[in-house]
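Have a look at the structure below before the remarks.
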Amino acid sequence: MAFGWIDGQAESRRRAGLVRTLRPRAAGTPLLDLASNDYLGLTRHPEVVEGAARAARTWGGGSTGSRLVTGTTELHAELERELAGFCGFEAALVFSSGYAANLAAVTALAPHGSLVVSDAGNHASLIDGCRLARGTTQVAAHADPDAVRKALSGHDGPAVAVSDTVFSVDGDAAPLAGLAGACREHGAGLVLDDAHGLGVLGDGGRGAPHAAGLAGADDVVVTVTLSKSLGSQGGAVLGPSRVIDHLVNAARTFIFDTGLAPAAAGAALAALRLLRREPGRAARARAVARELHTRLTAAGLEAVRPDAAVVSVRAPSPEQAVRWAADCRAAGLSVGCFRPPSVPDGIPRLRLTARADLSGAEIERAVRVIGETRP
Ligand code: PMP
């Protein structure tokens, strides 16, 4: 039978407690949400929703084509200008997802004969970018500028180091200054995925590279997603105009993909303007994360100290992590559950996201439920 081999894989997955299933969310579910990536609580903000609606009314339900044909509207150009300006880069290019933006940045900047040095804890989209790139990839130890330096030192030719700024599993931050230093010693470029930094870190949420003094550098390229702090959908690459022009001409996930839907662009632009007007939202998301961590630790749970808005809590086994998350849900709390293969070290976790709009009472309730349902 053509797909018979799938059954064997499904059985191994079941035995390891690693089966994944979809759970459609009902509108207006009364669960307390510590699972989404809506860090600033903007997805349902009236201005963001209106930004999406206005864009759809003006431009239609879709962008109608690839960016180089009909899929670039004035709205896309406006979003790119404002995003680049906000984060402190010369130019930006919007993609239909952060995943596509990462594939674009890595593949287009790693030609034949080049070296890509990739952090061992990088997101799957950066890993896939490395797999698709024509250059050779070397995986460097997690958050270790010396490992990057060592990998770069033996190479002659174009090179880039790629890293998340905030790692999605444990919420720890990359040593950006050290990475930039290692790259500069060897004339290599640095590609940073700021998916979890934009809107949370840096002055008013301008992101981790901005906080590290790397914004606008001619050897730094940043990727972001519009689907977390900006409450929308889509992704972008930010960097020197020279690099952005190169992506327009060379990045396959830009050239052969339909442009971002206008509603998503409109929502992201509205969220960006809101964030500029209300910069305190970023600091509030960080404060909520710190409070969550303090309370979880006080309750005797093994939580990783958060550098941004992701708070990770270790679970004893994949099965217990799944049951723990299910018990939380039954008690009215939605939390994320990370298991292999989504965790590079194989350790299962509950993954909580701090939202800027969580109240003190909600934080207290979340920690109580997690404590009471622990395996
Ligand atoms: N990079 C990181 C670090 C992420 O966590 C994610 C989303 N899970 C992405 C990239 C992909 O972004 P998107 O969901 O917009 O495709």
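The values are calculated or read from the model by the stated rules, or taken from the named source; none is laboratory data. Here the structure is a predicted model, which is why all the values come from computation and not from measurement. With ideal geometry, Cβ positions are generated from the backbone for all residues, glycine too; neighbour counts draw on all protein chains shown.
General observations
- Pairs, first of a type in the set (D, E, K, R) in the range 351-362, second at pLDDT 95 or above and in a loop (DSSP other than H, G, I, E, B), C-beta under 7 Å, six or more apart: R355/D38; R355/Y39; R355/G41; D357/G41
- S97 away from the ligand (no atom under 16 Å from the Cβ) and among the hydroxyl-bearing types (S, T, Y): no
- Selection within the range 97-123 - more than 16 Å from the chain's Cα centre (by Cα) and assigned to a helix (DSSP H, G or I): T107, A108
- Residues that are within 22 Å of D203 (Cβ to Cβ), among the small types (G, A, S) and surrounded by fewer than 23 Cβ atoms within 10 Å (Cβ to Cβ) within the range 283-300 comprise A283, A287, listed in sequence order.
- The range 255-268: number of residues that are farther than 12 Å from A53 by Cα and surrounded by fewer than 24 Cβ atoms within 10 Å (Cβ to Cβ): 4
- Verdict on L126 being touching a residue at least 60 places away in the same chain (Cβ under 8 Å), hydrophobic (A, V, I, L, M, F, W, C), assigned to a helix (DSSP H, G or I) and within 25 Å of S36 (Cβ to Cβ): yes
- Residues in the range 85-94 that are closer than 15 Å to V243 by Cβ and of a type in the set (A, V, I, L, M, F, W, C) were compared, and the one that is farthest from the ligand (Cβ to nearest atom) is A91.
- Only one of the listed residues (A330, A303, A308, A326) is more than 26 Å from D128 (Cβ to Cβ) and either surrounded by 19 or more Cβ atoms within 10 Å (Cβ to Cβ) or within 19 Å of the chain's Cα centre (by Cα) (or both). That residue is A303.
- Residue that is assigned to a strand (DSSP E or B), of a type outside the set (S, T, N, Q), in the same structural domain as G235 (by TED's automatic domain parsing) and touching a strand residue (DSSP E or B) at 6+ places or on another chain (Cβ under 9 Å), where the choices are V94, V148: V94
- A single entry from G187, G178, G171, G113 fulfils the requirement of being within 14 Å of the ligand (Cβ to nearest atom) and either touching a Phe, Trp or Tyr at 6+ places or on another chain (Cβ under 9 Å) or touching a residue at least 12 places away in the same chain (Cβ under 8 Å) (or both): G171.
- Which listed residue is within 19 Å of T72 (Cβ to Cβ) and more than 20 Å from the chain's Cα centre (by Cα), from A267, A263: A263
- Residues (out of contact with any Asp or Glu (no Cβ under 6 Å at 6 or more places or on another chain) and polar (S, T, N, Q)) located in the range 163-212: S168
- Of all residue pairs spaced 6 or more apart or on separate chains, those with beta-carbon atoms under 7 Å, a first member in the range 18-40 that is in contact (Cβ under 8 Å) with a residue 40 or more places away in the chain and a second member that is assigned to a strand (DSSP E or B) and of a type in the set (A, V, I, L, M, F, W, C) are L31/L333; L32/L333; L34/L333; L34/V335; L34/L352; A35/V335.
- Against the numbered list (1) among the hydroxyl-bearing types (S, T, Y); (2) more than 16 Å from the ligand (Cβ to nearest atom); (3) over 19 Å from A104 (Cα atoms), S241 comes up short only at (3).
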